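Participant: Input: one structure, supplied below.
Values quoted throughout were computed directly from the atomic coordinates according to the rules given, and no laboratory measurement underlies them. Keep in mind it's a predicted model, so treat the numbers as computed, not measured. Cβ atoms come from the backbone with ideal geometry, glycine included; neighbour counts cover every protein chain shown.
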Amino acid sequence: MRQYQFLKIFLFMVMGFCFLAETKAQTKTEVLVIGTIHSGHSNNPNYLYQDILNILGTYNPDVICVEIPPSYFRKQSYLKEMMIASIYGFDNNKKVYPIDWWETLSDARAERSKYIKTDDYKTKSQQADSLVKNNHIMQAFVEKYGTMDSIWKNNKMGYEFFNGKDYNNYIREMYTISIRVYGDGCMNLYSELRNAKMMELINTAIAENKGKRIMILTGAEHKYYFDIALSKQEDVQLVNFEKLLPLKTIVPTSNIIGFIKNDLAKGYYDMSDTSSIDVLYQNALVPLIHGIGMDDNPNIIPVENIRKAISVVAEWESQRSKSAVLQFEKAWIRFLEKDYFGAIKISKSITKKLNELPKEKHWFFVVYYWRNLGFCYDMTNQRDKAIKAYQECKKACKTLGVNMNVAEKYIYKNFENEPYTREQNK
């Protein structure tokens, strides 16, 4: 009888432990880390922005962490896939947390450019190369997939690759060697410090959403670090990406469609701040009429882009007609349409309102305001006024800390002495 009673007690205790273990497992916070490829999504047939949406909809998280600095979040444009994920979250009543961190690291790339010219770099780079050549994981990866340069150049690897073991093991080894040789510095863009700071923001999101489903969207080179850190947390259940496959096809909302097609990020910006209206529409104009080389050589801007820009400006004007940023863009579009007198008229209407242009972008708006006005005066044979405008442009460059070598080469050039003619840029 005593043995029977002991057996009952033992079984009861086992069942109790099992129940507690099951309850604890149920209360764990599920976390899925997804590696993205930033601008690569725009032309990678195997990892498009739609795939980001499909991953989000398939996992259906309660919380979404995006690689956007808190100071930028809902105020400034950032990585497109992160803004898409944010819009998805807001459209579907999810919590969205910004988890990027770049404070004090803004000059890391410039620091690296200087360092690679030193003798110390030459010595250490040989050491790093030797370690890479003798690293079996990295060499096996290269034999199977090719070099990392070729992978990024071809840009055809899909979401399974960037979220798989081979890629993440390679990245882990790459950073381990870099930090061992160079330390946590400019050569690896202070990756350990940045990742640690990002983990602090991620942990805040986890602490505020215990027992929920959380997705972390981050550049693919961060995934290995976050996976390792999260796997060590007892209250976190790290989700394997393979368990999501095959992905569902998610129908995008109108806000996401508009952003992917026209760069109008409706649903992302905090519209309680009227200046966000300017940011929304001005950012939509950037790829159309301010893309690479367009401000320096307007002749490369396609006519179709100008038509689209006119449509964006019309919608913008219906909401915030007195915006100085809007008038700046309207003047530029008039110039592109070769309505130089019209451009001058609009520009002169905000000459005394340049302080209303976004201060963090004065280096662009104020500088190009005067440069563009000089162009218009030259194109209307008002040479004296053109020279004065170019002089104001040069003065603004100096005042706002624009690199004078860059300014002289690409912005005001020698227009004080040689009048601008639009044909010369062809």
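Participant: Output wanted: per-residue J couplings in Hz (rounded whole) for the stretch 182-191, from phi through Karplus 6.51 cos²θ - 1.76 cosθ + 1.60, θ = phi - 60°, x for Gly and Pro.
Facilitator: Once rounded to whole Hz, the list reads 9, x, 7, x, 5, 5, 10, 6, 6, 4.
Participant: First measure r as the distance between the Cβ atoms of residue 148 and residue 400, then evaluate 1/(1 + (r/R0)^6) with R0 = 30 Å and state the FRET efficiency to the nearest 0.05.
Facilitator: Using R0 = 30 Å, I get an efficiency of 0.20.
Participant: What is the spread of the Cα atoms of the stretch 271-425 along each of their three principal axes, largest first, in whole Å?
Facilitator: That gives 46, 33, 27 Å along the principal axes, largest extent first.
Participant: In addition: Which of 57, 99, 84 sits closest to the plus end of the dipole of the stretch 1-260, meaning its Cα is farthest towards the positive end, when Lys and Arg get +1 and Asp and Glu get -1 on the C-beta?
Facilitator: The one lying farthest along the dipole's positive direction is 57.
Participant: Let me ask something else about it. Once fully extended, how much extra length lies between residue 38 and residue 95, figured as 0.36 nm per residue of separation less the alpha-carbon to alpha-carbon distance?
Facilitator: 18.4 nm
Participant: Hey, another quick one. If you build a Gaussian network model of the chain, linking Cα atoms that sit under 10 Å apart, which residue out of 185, 293, 401 swings the most?
Facilitator: In the Gaussian network model the winner is 401.
Participant: Measure off 7 Å from each Cα along the Cα-to-Cβ vector at residue 303 and residue 349, then give the distance between these two points in nanometres to one decimal.
Facilitator: 2.7
Participant: Oh, and also: Residue 204 versus residue 339, label points 7 Å from Cα toward the beta carbon: distance in nm?
Facilitator: 4.7
Participant: Tell me, what is the percent relative contact order of the chain, built from C-alpha pairs under 8 Å that lie six or more residues apart?
Facilitator: Across the chain, relative contact order equals 19 percent.
Participant: Quick one: 3J(HN,Hα) in Hz for the stretch 326-339, Karplus 6.51/-1.76/1.60 with θ = phi - 60°, rounded, Gly and Pro as x.
Facilitator: Values, residue by residue: 4, 5, 4, 5, 4, 5, 5, 5, 4, 4, 4, 7, 6, 8 Hz.
Participant: Let me ask something additional. Which pairs break 20 Å Cα to Cα here: 133/153; 95/266; 94/210; 95/232?
Facilitator: Going by Cα-Cα distance, 133/153; 95/232 fall outside the 20 Å limit.
Participant: Need the list of aspartates and glutamates near residue 308 for cross-linking: C-alpha distance under 16 angstrom, and skip anything on the same chain fewer than eight residues off.
Facilitator: Correct list for residue 308: 263, 317, 329, 337.
Participant: With an 8 Å Cα cut-off and a minimum separation of 6 or more residues, compute the relative contact order for the stretch 278-426 in percent.
Facilitator: Answer for the stretch 278-426 is 20 percent.
Participant: Would you please classify the overall shape of the stretch 41-109 from the alpha carbon gyration tensor, given that a ≥ b ≥ c denote the square roots of the eigenvalues, rounded means a/c under 1.5, and beyond that prolate means a/b larger than b/c while oblate covers the rest?
Facilitator: Oblate, since a/c reaches 1.5 and b/c is not below a/b.
Participant: For residue 76, what is the net charge nearby, where nearby means another residue's Cβ is under 10 Å from its Cβ and Lys, Arg count +1, Asp, Glu -1?
Facilitator: +2
Participant: How do 307, 194, 112 line up, fewest other C-beta atoms within 10 Å first?
Facilitator: 307, 112, 194
Participant: Quick one: what are the phi-derived ³J(HN,Hα) couplings along the stretch 234-239, Karplus 6.51/-1.76/1.60 with θ = phi - 60°, whole Hz, x for glycine and proline?
Facilitator: 4, 8, 10, 9, 6, 8
Participant: Modelling each spin label as a point 7 Å along the Cα-to-Cβ direction, I'd like the residue 231/residue 254 distance in nm, to one decimal.
Facilitator: 4.5
Participant: Right, something else. What is the ratio of the Cα radius of gyration of the stretch 213-357 to 2.2 N^0.38 Å, with N the residue count, to two decimals?
Facilitator: 1.47
Participant: Here's a follow-up. Taking only Cα atoms, what is the 0 to 90° angle, nearest 10, from helix 49-59's long axis to the longest principal axis of the chain?
Facilitator: On a 0 to 90 degree scale, this one is about 30.
Participant: Moving to a separate point now. Rg and Dmax of the chain, Cα atoms, in Å?
Facilitator: Spelled out, the Cα radius of gyration and Dmax of the chain are 27.1, 113 Å.
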